[in-house]
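The values are calculated or read from the model by the stated rules, or taken from the named source; none is laboratory data. Just so it is clear, the structure is predicted and the values come from calculations on it, not from any experiment. Here the Cβ positions follow ideal geometry from the backbone for every residue, glycine too, while neighbour counts run over all protein chains shown.
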Amino acid sequence: MKESSLKDKTARGFLWGALNNGAMQVLNAVFGIVLAHQLNQADYGLVGMLTIFTLIANSLQDSGFVTALTNKRNATHLDYNSVFWFNTAVSLTLYLLFFLCAPLIARFFNEPLLTPLSRYYFLGFFIASFSIVPRAILFRQIKQKELTIMGLTAMVVSGIVGITMAFMGLAYWGLATQTIVFNLTITFMSWMLSHWRPTWQFSTTPIKEMFSFSSKMLITNIFIGVNNNIFSVVLGKLYDKHTVGTYNQANKWNTMGSSLITGMVQGVAQPAFVAVGDDMSRLRRVFSKMLRFTAFVSFPVMFGLAMVAPEFIVVLIGQKWLSSAHLMQLLCIGGAFLPIATLYYNLIISRGKSNVYMWNVIAQGCIILGSILLISTFDISSLDFSLFTQHSSLFTLHFSLNRITCMVIAYVAIIILWTAIWHRFLHHEISYPFRSALKEMLPFMLLAAATMLITYCATLWMAPDEGGMGRLLLLLLTRILLAAILYLGFLWLTRAKILHECWGYLRKK
């Protein structure tokens, strides 16, 4: 593929990925706001306890074959067909296993309601198994426009169902049904948009050929699911569903922000790297440009979300969730580095090094889990202190240093430091110096941090009196607008290349 053709296709992928993820997160936010006003911490906590099991099941049903199909140079209908029937059989087996184990899950968390809820909620991953191959075809072809249409439709339909059930008083059943309807819609539309249909052909040969690669991806995806949801399990076991709900609400908004950028990167990075092939010089150029763009977007978005977290939480979902704000701030700092890690490991995967990816993720997960469990044994007295004082104690930002906060701090620190580990392996593959990576990332990180600090200090005088929701909304909007103007304005004044490239491409389109 010619460089200009790949560049244009990648740029279109980024554009549609941005539209897709941006619109998805906006819709998710709207539905999340409505649901948060209708539901409480316990409702979110019950579903949150089950999330890790669903993610593990999703990894097992996928078995790493989607990534293997994307990496395979000349995938045939027999390859797709064999993977489809294999995944369907695995998913059915897993659902029956989880159905039988539902009482054990309920006993582990000491929540009897989880027995019927889990049996219903787990239907979602079985339904999702039918969309794996059609989505893999769309992803392989970088059909971000089709994926955008599919995702937005599923989000709207499932969101309406979830809200309707919440207003009917069905609480956590509505959250579970929302997930099931989302997967149903995705499955139906993926079949429509990919134009792929399975046949009764099946061969173990493609499965065996891809197994060495896919098995490592399977193990890795399981550990990623565990890494991302370990807090829900630990907090659910050590504390209660209310604590899980508080954490999950903080993590939900952090995940929405980081997923906006991660989805853009994930949608085009691996196919683009595979298309470049073994041209090391060109691969380094492509990676460098993607890293610069990722840093350009990720740091201001996530640091900005951390800055406005208290106002964001109170305005959007109510004061009852304010306790989630300081956890959300910490998670957003770590979330700024997740899209960068995504870019790194997509290049490593594209080089066929699924073993490197697997052991790196396993090591990271073990360290995170070990740190969390170690901190959980400490007797840390809760220490509350104000970072700044506003007119009303209601909106004074308090920082609560307790075991949960220390767990989150440890998690964020590991996520940030692990970027250097990812780079070590990437350097081994394409000889890309760490100083070059810092040159692409550090200016945007420092500028974003400085922008948020200046914006935060410049707007302290706008702090509302107690109950001043209108002024709090004004403060939130002012901080977002001022931060955007300062960040983009400085890049424009310094004639930053990435800003002019993005603007030029948007003007052409």
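Quick rundown of the values:
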item: From S118, S91, S131, residue being in contact (Cβ under 8 Å) with a residue 12 or more places away in the chain, surrounded by 16 or more Cβ atoms within 10 Å (Cβ to Cβ) and in contact with a Phe, Trp or Tyr (Cβ under 6 Å, 6 or more places away or on another chain); result: S91
item: Out of F444, F388, sole residue that is at pLDDT below 85 and either surrounded by 13 or more Cβ atoms within 10 Å (Cβ to Cβ) or not in a helix (DSSP H, G or I) (or both); result: F388
item: Neighbours by Cβ (under 8 Å, 6+ apart or cross-chain): first from the range 330-357, in the same structural domain as G257 (by TED's automatic domain parsing); second assigned to a loop (DSSP other than H, G, I, E, B) and among the small types (G, A, S); result: S354/G64
item: Residue check for A420: closer than 24 Å to I349 by Cα, touching a helix residue (DSSP H, G or I) at 6+ places or on another chain (Cβ under 9 Å) and at pLDDT 80 or above; result: yes
item: Residue count, the range 331-361 (criterion: in a helix (DSSP H, G or I) and within 29 Å of A306 (Cβ to Cβ)); result: 19
item: Residue selected from the range 366-385 under the condition of a type in the set (V, I, T) and buried (at least 17 other Cβ atoms within 10 Å of the Cβ), by the criterion modelled with the highest pLDDT; result: I368
item: Selection status of Y432, in a loop (DSSP other than H, G, I, E, B) and not basic (K, R); result: yes
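Here is a yes/no grid of residues against (1) under 21 Å from T185 (Cβ atoms); (2) buried (at least 20 other Cβ atoms within 10 Å of the Cβ):
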position: L96; (1), (2): no, no
position: L100; (1), (2): no, no
position: L104; (1), (2): no, no
position: A136; (1), (2): yes, yes
position: K145; (1), (2): yes, no
position: I149; (1), (2): yes, no
position: L152; (1), (2): yes, no
position: V157; (1), (2): yes, no
